[in-house]
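Student: Just dropping this structure here.
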Amino acid sequence: MLSTGALRAHLLAARLAGPVATPRETSLRSYRLFAAGDPRVMLGLSPERAWGEGDLLRLMADRCGVSCDPAHVTGPDVIDPERTVAALDAFAERLARVAERRAPVLLGTGHPHRLLDFYAGLADALSAAGCPVLTPAQGRCVDMTTGFGVRPYILDYVRGVALVREPGGRPTGGAIGAHTHSPLPVRLALQDAAERLGVLPELVIGDHGWVCGAGQLGIEAIGPADTDDPALFVGEAEGQVSVVVPLDDGVRASFYRPLTRYVLHRACLSP
């Protein structure tokens, strides 16, 4: 189990926080697109008010620790590790609450190559604590917009974690899945959970469209987000998303394992 100090050191060494690989230019572009209402960065969120570029930059400075200087337009972006640690503690608190109630949960990721193991560890612990880990709409097709037009994907589950993969891919046990920002998979999963299973998750754990899509529908949602994902932080600021953990969501998969151990220990869910 990492101490808070050791966790902070790991975040910096792994570049999960501190100067991260996400370029400042990419973050600023996302803020411009969000301010313009571009669905590619809205992630299924419908904000309650208009957010200008300046509003978003100030929000991200407050929630992530990025520079609030609009003249700072190049170089790596920065995440404050103290904010990451505080958000992981809040994340763990939500896990503890749902585990105490043995409530149903749904986990899903648009970053399966990086974050699958992180979520799978949470799924295992929550299941062991008595929480039903839901897997609705498994095998169902969802049409999503890509850079090459609308393409069909299959909603699947690996170790209790939802992801999408291209049709005709390898079986679930060997497939990793596709990267996506779309809220359509979580909408399909929640619809099937309600209509076929007769139960909705009390908590959705994920990233990108999984968090924003669930939060927009009134389901409590938590998860990590990078500096170029303003939608999750807007959702948190407006009360549609419960907890967002600021961190780089594109580093080596093994670097997230200490985070899994940390939040499970804080939530009293360690094996």
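The values are calculated or read from the model by the stated rules, or taken from the named source; none is laboratory data. Since the model is a prediction, treat every value here as computed from it, not as a measurement. Here the Cβ positions follow ideal geometry from the backbone for every residue, glycine too, while neighbour counts run over all protein chains shown. All accessible areas refer to the heavy atoms of the entire protein, side chains included, with ligands and DNA or RNA removed. Shrake-Rupley method; radii C 1.70, N 1.55, O 1.52, S 1.80 Å.
Student: For PHE34, what accessible surface area do you get with a 1.4 Å probe? Give it in Å², rounded to 10.
Tutor: The accessible area comes out at roughly 10 Å².
Student: Using amide H atoms built in the peptide plane, which far-off residues or other-chain residues are under 5 Å from GLY18 H to H?
Tutor: ILE79, ASP80
Student: Another question about this same structure. Anyone know which of ARG58, ARG49, ARG102 comes out most mobile in the 10 Å Cα GNM of the chain?
Tutor: Highest fluctuation among the options: ARG49.
Student: Tell me, what HN-Hα J-couplings in whole Hz come from the Karplus equation 6.51 cos²θ - 1.76 cosθ + 1.60 at θ = phi - 60° for each residue of the stretch 47-57, using x for Gly and Pro?
Tutor: x, 6, 9, 6, 10, x, 4, x, 4, 5, 5
Student: So what's the gap between the Cα centers of the stretch 1-46 and the stretch 226-255, to the nearest angstrom?
Tutor: Centre-to-centre distance over Cα atoms comes out at 6 Å.
Student: Collect residues whose amide H, placed 1.01 Å from N in the peptide plane, falls under 5 Å from the amide H of ALA225; neighbours closer than 5 in sequence don't count.
Tutor: VAL245, LEU247
Student: Can you bin the stretch 92-163 into rounded, prolate or oblate? Criterion: square roots of the alpha carbon gyration tensor eigenvalues sorted a ≥ b ≥ c, rounded for a/c under 1.5, prolate for a/b above b/c, oblate for the rest.
Tutor: Note, shape of the stretch 92-163 comes out prolate.
Student: With θ taken as phi - 60° and the coefficients 6.51, -1.76 and 1.60, list the Karplus ³J(HN,Hα) couplings across the stretch 236-250 in order, rounded to whole Hz; mark glycine and proline as x.
Tutor: Computed from phi, the couplings for the stretch 236-250 are 5, 5, 8, x, 8, 10, 7, 9, 10, 9, x, 6, 6, 9, x Hz.
Student: Still on this structure: Per DSSP helix of 4 or more residues, -39500 (n - 2.57); summed, then divided by the residues of the chain. What does that give at 222 nm, rounded to the nearest 500?
Tutor: Using -39500 (n - 2.57) per qualifying helix, the result is -12500 deg cm²/dmol.
Student: Rounded, prolate or oblate: pick one for the stretch 190-256, where a ≥ b ≥ c are the square roots of the eigenvalues of its C-alpha gyration tensor, a/c under 1.5 means rounded, and failing that, prolate if a/b is larger than b/c, else oblate.
Tutor: In terms of gyration-tensor shape, oblate.
Student: Also: Using only the Cα atoms of the stretch 82-215, what are the Rg and Dmax in Å?
Tutor: 14.5, 45
Student: Show HIS113, HIS265, HIS72 ordered by accessible area, largest first, where the area counts protein heavy atoms only and the probe is 1.4 Å.
Tutor: Largest to smallest exposure gives the sequence HIS113, HIS265, HIS72.
Student: Which three semi-axes in whole Å describe the equivalent ellipsoid of the chain, each the square root of 5 times a Cα gyration tensor eigenvalue, listed largest first?
Tutor: 27, 23, 17
Student: In whole percent, what relative contact order does the chain give with Cα contacts below 8 Å and a gap of six or more residues?
Tutor: For the chain, the relative contact order is 27 percent.
Student: Another one. Is the C-alpha gyration tensor of the stretch 38-119 telling us rounded, prolate or oblate? Criteria: a/c under 1.5 is rounded; beyond that, a/b larger than b/c is prolate, otherwise oblate.
Tutor: prolate
Student: Separate question: So what J values fall out for the stretch 150-167 if you push phi through Karplus, 6.51 cos²θ - 1.76 cosθ + 1.60 with θ = phi - 60°, rounded to Hz, Gly and Pro as x?
Tutor: So the Karplus estimates, Gly and Pro as x, are 6, 10, x, 10, 10, 7, 9, 9, 10, 6, x, 10, 6, 7, 10, 9, 6, x Hz.
Student: Once fully extended, how much extra length lies between HIS265 and GLU25, figured as 0.36 nm per residue of separation less the alpha-carbon to alpha-carbon distance?
Tutor: Length gained, HIS265 through GLU25: 82.8 nm.
Student: Using 0.36 nm per residue of separation minus the Cα-Cα distance, give me the extension gain between GLU195 and VAL251 in nm, one decimal.
Tutor: That works out to 16.4 nm of additional length.
Student: If you don't mind, another one. Taking the Cα centre of each part, how many Å lie between the stretch 111-182 and the stretch 60-109?
Tutor: 22 Å
Student: Just to be sure I understand: if I project the alpha-carbon convex hull of the stretch 1-150 onto a plane and average over all orientations, what area do I get in nm²?
Tutor: Spelled out: convex hull of the Cα atoms, projected over all directions, averaged, 11.6 nm².
Student: What is the dipole size for the stretch 108-207, taken about its Cα centre, with +1 at each Lys and Arg Cβ and -1 at each Asp and Glu Cβ, in debye to the nearest 20?
Tutor: 220 debye
Student: Count the net charge of all other residues whose Cβ sits under 11 Å from the Cβ of THR145, scoring Lys and Arg as +1 and Asp and Glu as -1.
Tutor: That sum, taken over residues with Cβ under 11 Å, equals +1.
Student: Continuing with the same structure: Taking a probe of 1.4 angstrom, what is the accessible area of GLU48 in Å², to the nearest 10?
Tutor: 140 Å²
Student: List the residues whose amide H sits under 5 Å from the amide H of TYR153, counting only those 5 or more places along or on another chain, with H placed 1.01 Å from N in the peptide plane.
Tutor: When sequence neighbours closer than 5 places are left aside, the close amide H contacts are VAL142, ASP143, MET144.
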